Amino acid sequence: MKTLLAGKKILFGISGSIAAYKAAEWVRELAKAEAEVTVVMTDAATRFVSGLTFASLSGRRVYTGMFEKDAGEDMTHISLAKESDLVVIAPATAQTLAKLAHGFADDLLSTLVLASNCKVLLFPAMNSNMYCHVATQANIAKLLEYGYEVIEPGQGKLACGDEGIGRLIDWQIAREKILSILAVQDLEGQTIVISAGPTWESFDPARLLSNRSSGKMGYALARVARRRGARVILVSGPSAIEPPPEVEVINVMSGEEMHKGMMAQYKSADIVVMAAAVSDYRPGKTMKQKVKKSNKSIEFELVPNPDILKKLGDKKKKANRPLLVGFAAESTEHIAEGRRKLKEKNLDLIVINDIIGKNTGFGTDTNQVSLIDRDYQLDKLPLLSKEECAEMIWDKVVKLLQ
Ligand code: PMT
């Protein structure tokens, strides 16, 4: 399975901070995702971590000096800069930020940054006083002015013992920044409302009716749409997943709450995606006290929940907006059922989910779906990670927007 970073040429600069050891994890993750990572270390960085560590993790030669033995052989260093899709510097020290802000080219890393013509992403890490110093802040302002992306460091206990801002941020946040900067911004200007996760329909204070949705598919759609430039509002049923960065999250519990949440949000939306597994029924009555156990069978009434997607589809008939994407969780007659739901709910696109196949549907990290658009064009997708699946769904939506 191809990863989103596969084949991307990343020039990875490391400058001299104790946080250099954390860069090892970043390089390992990038290499695991099949990015072509070439590491360039400043002299100070090599005092903290050996170049051998990064050579082993990246599977490539690590560059350290401007005047290494073979430096002149093919102007390798300059070609490295020119061929890159992205320059990442992590950790970026106060010294490195200062050099870049003033256009210095007195070592290999600063020379390569000047010679590159791709985006430059800087992840500062240093003591908080150094980071907050007016000189560092003025340098950062200058770098932003030049079009570099400078990511604010994290807060917490620092290696020097101080507490405050200055920690190298976690890999998961960095990964998101790297993917966003590499992504085509083809959803820029769109407001997208996405529902995700299950609903919980309470029977009594202890028990409820729900389903196996984890929220992974909906959250992946939200994360990828944000990366591609959209404003994203995620209406989420109960889920253990960390919300994607820069996504507005509205937490709901029951189908009725999700109905209210979606109706309040859809008006501002250009695109609505219902990836949530809304319970079709809820208990007719929610008991105030826990129902006591006995040996007798009990019966309770189930009443239908509002069909949110159908209501949105009916509204679309008058306003002709927003663009509406539904999901169908099917165990048999997938395509026929998908087609029926597409028509009945007046959708622009339906994503048909095989929920009993291996590694697909509820709770899995992968998914196998078929797409049918409003012209009844069918695309059967292979088994993909939910993130890749989200990429393919957005590709289709972008085509439908045109
Ligand atoms: O969350 P994960 O673990 O990652 O799993 C993903 C998923 C399998 C939940 C997801 O990909 C999926 O298929 N979601 C839709 C599940 C579903 O409710 O399918 P359905 O065929 O019953 O409903 C059709 C559509 O109507 C869906 O878009 C659903 O959100 C919507 N619906 C359903 C019932 C209801 N009362 N209101 C609705 O709007």
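Here GLU242 clears all of (1) within 15 Å of the ligand (Cβ to nearest atom); (2) surrounded by 14 or more Cβ atoms within 10 Å (Cβ to Cβ); (3) assigned to a loop (DSSP other than H, G, I, E, B) except the condition numbered (2). Where residues in region 276-315 are within 20 Å of GLY338 (Cβ to Cβ) and open to solvent by 30 Å² or more (accessible area, probe 1.4 Å), which of them is farthest from the ligand (Cβ to nearest atom)? If we take residues in region 276-315 being within 20 Å of GLY338 (Cβ to Cβ) and open to solvent by 30 Å² or more (accessible area, probe 1.4 Å), then ASP314 is farthest from the ligand (Cβ to nearest atom). Quick one: in region 287-307, which of the residues that are at pLDDT below 95 and among the β-branched types (Val, Ile, Thr) is nearest to the chain's Cα centre (by Cα)? The residue in question is VAL291. Residues in region 10-23 that are open to solvent by 20 Å² or more (accessible area, probe 1.4 Å) and part of a helix (DSSP H, G or I): TYR21, LYS22.
Every residue, every condition in (1) of a type outside the set (Phe, Trp, Tyr); (2) over 22 Å from ALA220 (Cα atoms); (3) more than 10 Å from the ligand (Cβ to nearest atom); (4) part of a helix (DSSP H, G or I), yes or no:
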| residue | (1), (2), (3), (4) |
| --- | --- |
| LYS317 | yes, yes, yes, yes |
| ARG321 | yes, yes, yes, no |
| THR332 | yes, yes, yes, no |
| GLY357 | yes, no, yes, no |
| THR360 | yes, no, no, no |
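VAL27 satisfies every condition listed in (1) out of contact with any Gly (no Cβ under 9 Å at 6 or more places or on another chain); (2) within 18 Å of SER116 (Cβ to Cβ); (3) at pLDDT 95 or above; (4) of a type outside the set (Lys, Arg) except (2). Listed by first and then second residue, the pairs linking a residue in region 385-397 that is more than 14 Å from PHE327 (Cβ to Cβ) and of a type in the set (Asp, Glu) to a residue that is open to solvent by less than 30 Å² (accessible area, probe 1.4 Å) and within 14 Å of the ligand (Cβ to nearest atom), with Cβ atoms under 7 Å apart and 6 or more places separating them unless they lie on different chains, are GLU387/ALA220; GLU387/VAL224; GLU391/VAL224.
So, GLY237, is that one over 21 Å from the mean Cα position of the chain (by Cα) and within 16 Å of the ligand (Cβ to nearest atom) or not? The answer is no for GLY237.
Give the residues of region 330-368 that are open to solvent by 40 Å² or more (accessible area, probe 1.4 Å) and touching a Phe, Trp or Tyr at 6+ places or on another chain (Cβ under 8 Å), sorted by residue number. Correct list: ARG339, ILE355. Within region 176-218, the residues that satisfy the criterion of being at positive phi and either of a type in the set (A, V, I, L, M, F, W, C) or out of contact with any helix residue (DSSP H, G or I) (no Cβ under 9 Å at 6 or more places or on another chain) (or both) are GLY189, GLY215.
The values are calculated or read from the model by the stated rules, or taken from the named source; none is laboratory data. Because the structure is predicted, anything quoted here is derived from the model rather than measured. Glycine also receives a Cβ, built like all others from the backbone with ideal geometry; neighbour counts cover every protein chain displayed. Surface accessibility is based on the protein's heavy atoms, side chains included, excluding ligands, DNA and RNA. Shrake-Rupley method; radii C 1.70, N 1.55, O 1.52, S 1.80 Å.
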